[in-house]
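Quick notes on the structure that follows.
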Amino acid sequence: MSNVIVTGGAGFIGSSIVRALLASGAGRVGVIDNLFSGKESNLAEVRDSVDLHVADIRDYDAIAPILKGADRVFHLAAIPSVPRSITEPVPSHTANIDGTFNVFRACAEGGARRVVYAASSSAYGDTLVLPKTESMTPCPKSPYAAQKLMGEHYAA
């Protein structure tokens, strides 16, 4: 893996993916994060092997050059809060839908070879059956859930 990028890579899960990629042989990993909820300290132990780009996925012109030609892109950047998607719907929408669209568009136009999208089980709503599976009928119950489901459709 020569050119790997993780959006949201300074977040809790994103930084775990960054560390796993480095442990599996990625020489360097690029991270795109606006540091809204992610923290540079999450990358402290691997900072010498990370190219941190403080950028927002809502800014196409900022992220497109970073994603151009990537071998793999792990897209985790989002505002991951059901309550916030209700109380602050505009930033949630613009990050989770418009930002996701920007990532996919930049990857397509820039020739990225593969994109892995971090969806959410919230897209399936409340179910009696656990674990939830992708064969279930989606039933989002919040703006966040609907936004993550839209990301799945864009990814498809």
As I understand it, the value is the acute angle between the Cα axis of helix 12-23 and the longest principal axis of the Cα atoms of the chain; what does it come to in degrees, rounded to 10?
40
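Only Lys, Arg, Asp and Glu count, each charged at its Cβ (+1, +1, -1, -1), so figure out the dipole size of the chain about its Cα centre, rounded to 20 debye.
Numbers: 14 positive and 15 negative charges, 58 e Å.
Roughly 280 debye for the chain.
So what's the range 1-94 giving for Cα Rg divided by 2.2 N^0.38 Å, two decimals? Provide the component values of the computation, followed by the final result.
Values: Rg = 13.3 Å, N = 94, 2.2 N^0.38 = 12.4 Å.
In units of the globular-protein estimate, the range 1-94 measures up at 1.08.
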Go ahead and estimate [θ] at 222 nm for the chain from helices alone: -39,500 (n - 2.57) per DSSP H run with n ≥ 4, summed, over the residue count, rounded to 500.
-10000 deg cm²/dmol
Just read off the accessible area of Arg72 with the full protein assembly in place, 1.4 Å probe, to the nearest 10 Å².
70
Of Thr100, Gly110, Ser85, which is farthest towards the positive pole of the range 1-129's charge dipole, taken about the Cα centre with +1 and -1 on the beta-carbons of Lys, Arg and Asp, Glu respectively?
Gly110
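What length, rounded to one decimal in nm, is gained on full extension from Asp126 through to Arg114, with 0.36 nm per residue of separation minus their alpha-carbon distance? Provide the component values of the computation, followed by the final result.
Values: separation 12, 0.36 × 12 = 4.32 nm, distance 3.12 nm.
In short, 1.2 nm is gained.
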The helix 100-110 Cα axis meets the longest alpha-carbon principal axis of the chain at an angle in degrees, between 0 and 90 and rounded to 10, of 40
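If you take the Cα Rg of the range 18-65 and divide it by 2.2 N^0.38 Å, with N the number of residues, what do you get?
Values: Rg = 11.4 Å, N = 48, 2.2 N^0.38 = 9.6 Å.
Rg over 2.2 N^0.38 Å, computed on Cα atoms: 1.19.
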Candidate lysines - alpha carbon under 28 Å from Lys132, same-chain residues fewer than 8 apart omitted
Lys141, Lys148
Please compute one quarter of the surface area of the Cα convex hull for the range 37-156 and express it in square nanometres.
8.6
Over the chain, average the accessible area per residue using a 1.4 Å probe and give it in Å², no decimals.
53
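Calculate, for Cys139 and Glu88, the FRET efficiency according to 1/(1 + (r/R0)^6) with r their C-beta to C-beta distance and R0 35 Å; round to the nearest 0.05. If you can, show how the numbers build up before the last one.
Working: r = 23 Å, r/R0 = 0.66.
After rounding, the FRET efficiency stands at 0.90.
Could you work out how much longer the chain between Arg105 and Ala23 gets when fully extended? Use 0.36 nm per residue separation minus the Cα distance between them, nm to one decimal.
Details: separation 82, 0.36 × 82 = 29.52 nm, distance 2.92 nm.
Going from the current span to full extension adds 26.6 nm.
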Can you work out ³J(HN,Hα) from phi for every residue in the range 32-48, in order, using Karplus 6.51 cos²θ - 1.76 cosθ + 1.60 and θ = phi - 60°, giving whole Hz and x for Gly and Pro?
10, 7, 8, 6, 5, 10, x, 9, 4, 4, 5, 10, 3, 6, 10, 3, 5
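Report the net charge of residues surrounding Glu88, where surrounding means a beta-carbon distance below 15 angstrom and charges are Lys +1, Arg +1, Asp -1, Glu -1. Present the calculation step by step, with values, prior to reporting the outcome.
Working: positive: Arg58, Arg84; negative: Asp98.
With Lys, Arg at +1 and Asp, Glu at -1, the neighbours total +1.
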Would you mind calculating the relative contact order of the range 1-53 from Cα pairs under 8 angstrom and at least 6 residues apart, reporting the percent as a whole number?
41
To the nearest 10 square angstrom, what accessible area does Ser135 show with a 1.4 Å probe?
110
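The values are calculated or read from the model by the stated rules, or taken from the named source; none is laboratory data. Since the model is a prediction, treat every value here as computed from it, not as a measurement. In this analysis, Cβ positions are derived from the backbone assuming ideal geometry, glycine residues included, and neighbour counts consider all displayed protein chains. Side chains are part of the model used for accessible areas, which takes the heavy atoms of the whole protein and leaves out ligands, DNA and RNA. Shrake-Rupley method; radii C 1.70, N 1.55, O 1.52, S 1.80 Å.
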